[in-house]
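Each remark here refers to the structure printed beneath this line.
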Amino acid sequence: MGGSNEIVADHGAGPSSLIVQPSSLAVCLVSGGMDSCVTAAIAREENEEVAFLHVSYGQRTEQRERKAFEDIADYYEVTRRLAVSIEHLARIGGSSLTDQNIPVTAANLAAAGIPTSYVPFRNAHLLSIATSWAEVVGARYVYIGAVAEDSSGYPDCRSEFYDAFQRAIEIGTKPETRIEIKTPVIAMRKSEIVLRGKALVAPFELTWSCYQESARACGSCDSCALRRRAFREASVADPIPYVLDSSLFAY
């Protein structure tokens, strides 16, 4: 892909190092899950360079998700990557992902209301960090793998949340800064995300979605249930190991 280049300081690669930056640079939030992996694959298709950002927040599977992030970044040969921690979200609590005293509930995809796995206002923290880094390195886009199929439970997965945050970026950054939030999978069903990832040869085998286990996915939490249903509906084999067989659950 073509485009003009400019010399900038690469604060992600090392202090005060100068590099030639392509005109199309995107920061992509990569949690290590299937949605963020496919979003990363799309970001690579649409931009000359991608920078991968991973944010830990004291979640139960923090180390396993970090490994998935590094494995995916290695797969795509991403050299500009940043991993940060906002462990204060664990101290704030209020979520079964960050508070060991709140059990991770078994999957019930028909249930109404906000599940215990909701981390209060988490995606605002993720976008803030991504925007800060994007402004420093001169990235034009911030990609995040939000899915509206999750929005009935997670209010910060709704498209109107990202529209509002886009406005906050425009108001709260330098006048010359132009950063656009990209949510390429937000309107897809999970099964459609699987098919898009398969078409892009996304490394699903490197991803991790489970909320509570790190060796073998539990198969019974909401995230496992959504993932397994998606692969089943897409008629694609899920390559990660599970403790519980999906045939035990109707989802």
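Below are the figures for this structure:
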| quantity | calculated |
| --- | --- |
| For ASN101: the one exception among (1) open to solvent by less than 10 Å² (accessible area, probe 1.4 Å); (2) farther than 24 Å from LYS198 by Cα; (3) part of a loop (DSSP other than H, G, I, E, B) | (1) |
| Matching residues in the range 51-68 - criterion: being touching a Lys or Arg at 6+ places or on another chain (Cβ under 8 Å) and open to solvent by less than 20 Å² (accessible area, probe 1.4 Å) | ALA51, PHE52, LEU53, HIS54, SER56, TYR57 |
| Residue in the range 229-245 that is within 19 Å of GLY32 (Cβ to Cβ) and touching a residue at least 60 places away in the same chain (Cβ under 8 Å) present | yes |
| Residue among ILE72, ILE169 that is under 20 Å from ALA217 (Cβ atoms), open to solvent by less than 70 Å² (accessible area, probe 1.4 Å), in a helix (DSSP H, G or I) and among the aliphatic types (A, V, I, L, M) | ILE72 |
| Some residue of the range 138-151 being farther than 22 Å from CYS37 by Cβ and not small (Gly, Ala, Ser) | no |
| Breaking point among (1) at pLDDT 95 or above; (2) open to solvent by 20 Å² or more (accessible area, probe 1.4 Å), for PRO203 | (2) |
| Condition met for ARG228 (of a type in the set (Lys, Arg), open to solvent by 50 Å² or more (accessible area, probe 1.4 Å) and under 26 Å from ALA106 (Cβ atoms)) | no |
| Boolean, LYS174 is free of Cβ contacts under 8 Å to residues at least 40 places away in the same chain, farther than 26 Å from SER95 by Cβ and within 19 Å of the chain's Cα centre (by Cα) | no |
| Tally of residues being part of a loop (DSSP other than H, G, I, E, B), of a type in the set (A, V, I, L, M) and more than 19 Å from SER223 (Cα to Cα) across the range 104-148 | 1 |
| Residue check, ARG140 of a type in the set (Lys, Arg), out of contact with any strand residue (DSSP E or B) (no Cβ under 7 Å at 6 or more places or on another chain) and open to solvent by 50 Å² or more (accessible area, probe 1.4 Å) | no |
| Residue, modelled with the lowest pLDDT, within the range 145-155, restricted to residues that are of a type outside the set (S, T, N, Q), open to solvent by 10 Å² or more (accessible area, probe 1.4 Å) and within 15 Å of the chain's Cα centre (by Cα) | ASP150 |
| Residue that is least open to solvent (accessible area, probe 1.4 Å) [pool: residues in the range 34-50 that are over 17 Å from ASP74 (Cβ atoms) and acidic (Asp, Glu)] | ASP35 |
| Contacts under 6 angstrom Cβ, first residue in the range 57-70 being farther than 9 Å from GLY32 by Cβ, partner surrounded by fewer than 22 Cβ atoms within 10 Å (Cβ to Cβ), 6 or more apart | TYR57/ILE86; GLY58/GLU87; GLY58/ALA90; ARG60/GLN212; GLU62/SER56 |
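So that you can scan it fast, the table gives a plain yes or no per residue for (1) at pLDDT 95 or above; (2) within 9 Å of the chain's Cα centre (by Cα); (3) at positive phi:
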position: ALA13; (1), (2), (3): no, no, no
position: SER17; (1), (2), (3): no, no, no
position: VAL20; (1), (2), (3): no, no, no
position: LEU25; (1), (2), (3): yes, no, no
position: CYS28; (1), (2), (3): yes, yes, no
position: ASP35; (1), (2), (3): yes, yes, no
position: ILE42; (1), (2), (3): yes, no, no
position: VAL50; (1), (2), (3): yes, no, no
position: GLN59; (1), (2), (3): yes, no, no
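The values are calculated or read from the model by the stated rules, or taken from the named source; none is laboratory data. In this text, all values refer to a predicted model and were calculated from it rather than measured experimentally. Glycine also receives a Cβ, built like all others from the backbone with ideal geometry; neighbour counts cover every protein chain displayed. All accessible areas refer to the heavy atoms of the entire protein, side chains included, with ligands and DNA or RNA removed. Shrake-Rupley method; radii C 1.70, N 1.55, O 1.52, S 1.80 Å.
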